[in-house]
Amino acid sequence: MEIVLHTSDQRSDLARHYRNAFKDAVELYVVSAYLTEWDVDFKLTPACKRFRFIIGKDFGITRKDACLDVLKWLPASRKVDFLVADEITGFHPKAVIWRNGEGQAFMLIGSSNLSRAAFDGNVEANVIVRVTEKVFEKAKVWIEWIERRSVPVSQDWLNQYVEAPRKPGGISGKRRPARQDKSPVVTFKLPRPSKTADRIRVRRMQLAVYAKRRNGLMRLFRRAASASITGQQFFEELPEHWSMEIGNRLQGKGWERKGKHADFQELSASFVAILDADERDRDDVVRAELDHLGDRGNPARKAFLSEMLCIRFPDEYPVLNDPVHQFLVQNRFTAPRGSSEGARYIDLAKKLRMALRANPGYPAKNLAELDLLIWASSEYNPNA
């Protein structure tokens, strides 16, 4: 254990510890009650497999410019890992939790927020302690609880966030708290098309048919992933397990035109990697695999793969389609600028999950059901 004490007339050693954590971590979790500045000299190692940076928004203390600096600093695939605890009032932790490449886990906790003043001007007290695997696991469960109540920071969120005005004195000047209530910054108005109950029943029937056919479909994916069959064989056998005739296909015809000539062995390997991922790591794996398929130009990675994800994990992943994108635009929500393809998809998933959490009495209970109601209310639906 190391104690880091800082007075106002000395330079703190705290920034060095932060930089080392960012440089050495293969897992890194940063939680801060608010963010007023960002030190762009921090370097996040490419070896970091799991990263979450979560800030608070209470009283409008977090500064928009600092958030934009973080978004510019993050690589394209990591922008969705910068989150705000939008559904939590009273968010006040100040901690960095990480594991290095040697398997050693640490926590840095104390009075300091991520600000220049904490590193160089304030009177602060912090402690760095190596923790056991059991304690590290407990910390990860805590982070996951926070993450489920958070959304990615993007320009759209920042446009709706009310920042507390500064008094004269610049960054170090005192701030007058913005008006706050217990509601999230962003609220969703969910669609309620005609015949909602009937539509929901149809979607649940589709999911029930899928559940009966799932094992055969999963075996097909695994055979292709292991190269036991060719991509062409996969495509030819697919309608035996998933089709409009069977009744477990959500979208209409269309993806086959571009997707027919996709590398289905490659796509199946990605899908199997997602299937086999631990639940807590699945978002990261989905993002990585979509980025990989995007880099490879695989044409089945959007409409087809997103439907496979939606029907297999209906609580977690949406179908990629124009009505869903339009719904987010109407709610003034898009992914952070410059995000990778995989990051944009996870951003979409997180925001739709939040929409359902924020409306517990809504008829749709998962993203597959919400997709149908969005589609039914959309200008893209000729029968709306």
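The values are calculated or read from the model by the stated rules, or taken from the named source; none is laboratory data. All values reported here derive from a predicted model rather than from experimental measurement. Note: ideal-geometry Cβ built from the backbone for every residue, glycine included; neighbour counts use all protein chains shown.
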> Which residue, of 28, 44, 108, is outside any strand (DSSP E or B) and either among the hydroxyl-bearing types (Ser, Thr, Tyr) or crowded, with 16+ Cβ neighbours inside 10 Å (or both)?
Replying inline: 44
>> One residue is enough: does the range 237-250 have a residue meeting the conditions modelled with pLDDT of 95 or more, in a helix (DSSP H, G or I) and hydrophobic (A, V, I, L, M, F, W, C)?
In response: yes
>> Let me confirm something: among 225, 197, 262, which residue is touching a residue at least 40 places away in the same chain (Cβ under 8 Å), of a type in the set (A, V, I, L, M, F, W, C) and farther than 29 Å from residue 327 by Cβ?
In response: 225
> Only one of these conditions is not met by residue 65: (1) closer than 24 Å to residue 285 by Cβ; (2) not in a loop (DSSP other than H, G, I, E, B). Which number is it?
Replying inline: (1)
>> Here are the criteria: (1) of a type in the set (A, V, I, L, M); (2) assigned to a strand (DSSP E or B); (3) touching a Leu at 6+ places or on another chain (Cβ under 9 Å); (4) buried (at least 18 other Cβ atoms within 10 Å of the Cβ). Tell me which single one residue 83 does not satisfy.
In response: (3)
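Got at least one residue in the range 211-228 being in a loop (DSSP other than H, G, I, E, B) and closer than 21 Å to residue 372 by Cα?
Taking every residue of the range 211-228 in turn, none turns out to be in a loop (DSSP other than H, G, I, E, B) and closer than 21 Å to residue 372 by Cα.
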>> Name the residue that is farthest from the chain's Cα centre (by Cα), counting only residues in the range 290-306 that are buried (at least 23 other Cβ atoms within 10 Å of the Cβ) and closer than 17 Å to residue 350 by Cβ.
In response: 306
> If you check every pair at least six apart or on different chains, which have Cβ atoms under 6 Å apart with a residue in the range 270-298 that is over 20 Å from residue 227 (Cα atoms) and in the same structural domain as residue 226 (by TED's automatic domain parsing) first and a residue that is in a loop (DSSP other than H, G, I, E, B) and not β-branched (Val, Ile, Thr) second?
Replying inline: 285/277; 291/340
> If you go through the range 41-78, how many residues are more than 17 Å from residue 343 (Cα to Cα) and of a type in the set (S, T, N, Q)?
Replying inline: 2
>> So, residue 55, is that one modelled with pLDDT of 95 or more, in contact with a strand residue (DSSP E or B) (Cβ under 9 Å, 6 or more places away or on another chain) and not small (Gly, Ala, Ser) or not?
In response: yes
>> Could you tell me how many of the residues in the range 47-62 are over 13 Å from residue 85 (Cβ atoms) and assigned to a strand (DSSP E or B)?
In response: 2
> Just to be sure, is residue 95 of a type in the set (A, V, I, L, M, F, W, C) and either in a helix (DSSP H, G or I) or surrounded by fewer than 16 Cβ atoms within 10 Å (Cβ to Cβ) (or both)?
Replying inline: no
> Name the helices (runs of 4 or more DSSP H) wholly within the range 255-310 that hold at least 2 residues that are over 18 Å from residue 242 (Cβ atoms)?
Replying inline: 264-276, 282-296
>> Please verify whether residue 335 is touching a strand residue (DSSP E or B) at 6+ places or on another chain (Cβ under 8 Å), in a loop (DSSP other than H, G, I, E, B) and among the aliphatic types (A, V, I, L, M), treating the condition exactly as stated.
In response: yes
> Across the range 268-288, what is the total count of residues that are surrounded by fewer than 22 Cβ atoms within 10 Å (Cβ to Cβ) and of a type outside the set (A, V, I, L, M)?
Replying inline: 7
>> With the requirement that a residue be at pLDDT 80 or above, surrounded by 13 or more Cβ atoms within 10 Å (Cβ to Cβ) and outside any helix (DSSP H, G or I), what does the range 116-145 give you?
In response: 126, 127, 128, 129, 131
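Go over the candidates 348, 356, 309 one by one and state the one that is in the same structural domain as residue 244 (by TED's automatic domain parsing), touching a Leu at 6+ places or on another chain (Cβ under 8 Å) and surrounded by 19 or more Cβ atoms within 10 Å (Cβ to Cβ).
Values: 356 fails: surrounded by 19 or more Cβ atoms within 10 Å (Cβ to Cβ); 309 fails: touching a Leu at 6+ places or on another chain (Cβ under 8 Å).
After applying the criteria, what remains is 348.
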>> With the requirement that a residue be surrounded by fewer than 20 Cβ atoms within 10 Å (Cβ to Cβ), in contact (Cβ under 8 Å) with a residue 24 or more places away in the chain and at negative phi, what does the range 53-69 give you?
In response: 58, 61, 64, 66, 68, 69
